[in-house]
Amino acid sequence: PIKRKGAPFIEDPLIEEAQLQGDYPAIPNGSGLAAHIVIRLYKAIRFYFKPILQDHGFKSLEDFLFLATLGWRSNISKKSLCRMNMTEIPTGIDIIKRLLQQDWVIENENPADKREKLLILSDKGRHKLFEIFSQPQPIED
């Protein structure tokens, strides 16, 4: 266990691991620690989850996130989908095009605005999400 000078004792396996790897004291405390943990989680997701997604035909993690978003939120505009996933519009449009080419997403005309297209998950896209979520992959060392 690590005890910082002048700080109350906190048992934190993340800090202990960082100390063993020589990264301590580069790990911040307080709100900086929260940001550090989020970044580590993101890296872990990319490291472990990206190969699984590639095996299922996804080009990127973002492609999967767009599809997963449509799994719980349907009939949304391309712009809204990009904003929900915090992606720039041109990049998001490219992702949407890939999902449309895979037949994982369907584009429908917006009855309220004929210029806008609304996106929904296709049966094939729903099956793809179910396939990924129902087959846990082992994490290898």
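The values are calculated or read from the model by the stated rules, or taken from the named source; none is laboratory data. Source: prediction; values computed, not measured. Because the Cβ atoms are built from the backbone with ideal geometry, glycine has one as well, and the counts that use them run over all protein chains shown. To get the accessible areas, we keep the full protein, side chains included, count just its heavy atoms, and leave off ligands, DNA and RNA. Shrake-Rupley method; radii C 1.70, N 1.55, O 1.52, S 1.80 Å.
Descriptive notes on the structure:
- Using only alpha carbons, the stretch 38-93 has a radius of gyration to Kirkwood radius ratio (Rg to Rh) of 1.00.
- Restriction of the trypsin sites (Lys or Arg not before Pro) in the stretch 43-90 to DSSP coil positions whose beta-carbon has at most 16 other beta-carbons within 10 angstrom yields K59, R73.
- Of the whole protein surface, F133 contributes about 140 Å² of accessible area at a 1.4 Å probe radius.
- The residues packed around S80, meaning those with a beta-carbon under 15 Å from its beta-carbon, carry a net charge of +2 if Lys and Arg are +1 and Asp and Glu are -1.
- Restraint check, K59/K97; K43/K79; K79/K117; K59/K114, Cα-Cα greater than 21 Å: K43/K79; K59/K114
- Loop-located GluC sites (Glu not before Pro) in the stretch 80-118 (DSSP state other than H, G, I, E, B) with a sparse environment of at most 11 neighbouring Cβ atoms within 10 Å: E88.
- Semi-axes of the equivalent ellipsoid for the stretch 45-141, Cα gyration tensor, largest first, Å: 26, 14, 10
- FRET efficiency for the L100 to F47 pair, using the beta carbon distance and R₀ = 35 Å, is estimated at 0.75.
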